[in-house]
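Colleague: Just dropping this structure here.
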Amino acid sequence: ASAPHTATMQSINLFDTDARNPLSTEADDAATGAIRWHCQRHQTKARLREECSICRQVWCRLTLYLVMMFYGASVLFRNIAFYRYRGLDWYSDQVIPTEATAPLNETGAYITNISNGDRVPLISALRDEFNGGQNLNVTLPFEGESNLTSLDGRIFNLKDFAQDYFVDLSNSAFVRDMNEIVAGILQVLTFAIFFAPFFVSFAGKARPNTLAMLFRHQQTLFTANILRTLSYLSTSIPGAAQHCQSVRWTSPKGQPGGWEENRQHTLTAKDWFLDTYNFFNNCNCGDLIFSGHIATALTNVLVAQYYVGLAAPKRLGRLLIFTLWATFVLQVFCVLTTRNHYTVDVVVGIYTAFLNFVAHLYFVPKDPVPKSVGDDGLISPVQLPI
């Protein structure tokens, strides 16, 4: 009679909620949302075996998704887009005449001696040459370039709602840096939610596998990047960012644009595949519709929220979901106020990412599961060896 009692006592430890309360029932745990820790050595090994089982099922596809994310969508296709890119100044230069013609009159034009400043009406000097003609025009060569200095540092871009009505923070280094920092924070939050079930679960809630969540996340991002690549390669739009302005344009702080110079890194097929200058210097142009920052951020939020709803108790879940959406709103603000994208890039990015996520839930409703577990798509604490 003492042997079972001894085994029970030996199983009690600080990391196993069930062992600390051996008399509690599953119904009691579900009612209280008790935390279950899975930090013992045998628990970690069991979980790793499950993750390895899933890895053997999805590693090939997951590798493809990661290559698309970190190479195709970040380097190759963006280089091709930049190769096709032209700033708005290039389009305006195409229709500027190479010469200008205007009628002469007694007060309209003069010939000036630059040595002493003497000048006479141009028409008077030309009358003898044209036999006293009265109706004369003068034709002068023109440089044929847009006068970007007349903008006084304003961005030369398309008419846009956010740029008309939102504050312009494109000259703020802090906000430009914050745009990337916020994207990083949202990524960290998402991956923290993916890895949390490896060590902790909640009674009455599911315990999804980390690799299964990561697989759905990358699969969803993969199709989002395919859709984005098809969109921005279809039509190249003049950029709104400062680095997508011409070298002839100057910001209020005296910083010139540079799309002509940066585009030199994308002129050959070898550059498309191998050159990472614009990626690492964050000066790519031509990949506007739709915004990759917004599509990625919203995908992070939607996938993370989906698993939070399955795995976290209500109060904690609400806190996590609020944090995710607040961070996403901040991301939208930074993207629009730094002028990195037009409003249409953000709008299309939002509804494309949402519909893409819903499509994945519809067509791929079940997550990959370890071979030893059923095909319900989720691993609950009861099903796991502890």
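The values are calculated or read from the model by the stated rules, or taken from the named source; none is laboratory data. Computed from a prediction, not measured in an experiment: that's the story for all the values here. In this analysis, Cβ positions are derived from the backbone assuming ideal geometry, glycine residues included, and neighbour counts consider all displayed protein chains. Ligands, DNA and RNA are stripped out before the accessible areas are found, and what is left, the full protein with its side chains, is counted by its heavy atoms. Shrake-Rupley method; radii C 1.70, N 1.55, O 1.52, S 1.80 Å.
Colleague: Is it the case that some residue within the range 225-235 is assigned to a loop (DSSP other than H, G, I, E, B) and touching a Pro at 6+ places or on another chain (Cβ under 9 Å)?
Modeller: no
Colleague: With the structure loaded, tell me whether Asp367 is outside any helix (DSSP H, G or I), under 30 Å from Trp37 (Cα atoms) and at pLDDT 90 or above or whether it fails that test.
Modeller: The answer is yes for Asp367.
Colleague: Just the residues that are open to solvent by 20 Å² or more (accessible area, probe 1.4 Å) and touching a helix residue (DSSP H, G or I) at 6+ places or on another chain (Cβ under 6 Å), please, taken from the range 190-205.
Modeller: Result: Ile193, Phe195, Phe198, Gly204, Lys205.
Colleague: Quick one: which residue in Arg84, Arg127 is open to solvent by less than 80 Å² (accessible area, probe 1.4 Å) and either modelled with pLDDT under 70 or under 30 Å from Asp160 (Cα atoms) (or both)?
Modeller: So the residue among Arg84, Arg127 that is open to solvent by less than 80 Å² (accessible area, probe 1.4 Å) and either modelled with pLDDT under 70 or under 30 Å from Asp160 (Cα atoms) (or both) is Arg127.
Colleague: Just to verify a result, which residue in the range 56-81, among those that are open to solvent by 60 Å² or more (accessible area, probe 1.4 Å) and not aromatic (Phe, Trp, Tyr), is nearest to Glu261 (Cα to Cα)?
Modeller: Per the stated criteria, the residue is Val67.
Colleague: Right, another one. Scanning the range 227-253 for residues that are modelled with pLDDT of 90 or more and out of contact with any Gly (no Cβ under 9 Å at 6 or more places or on another chain), which turns out farthest from Leu158 (Cα to Cα)?
Modeller: Leu227
Colleague: State which residue pairs qualify: first residue more than 21 Å from Thr223 (Cα to Cα) and inside the range 330-351, second residue of a type in the set (Lys, Arg) and not in a loop (DSSP other than H, G, I, E, B) in any location, beta carbons under 7 Å apart, and separation of 6 or more residues or different chains.
Modeller: Thr338/Arg176
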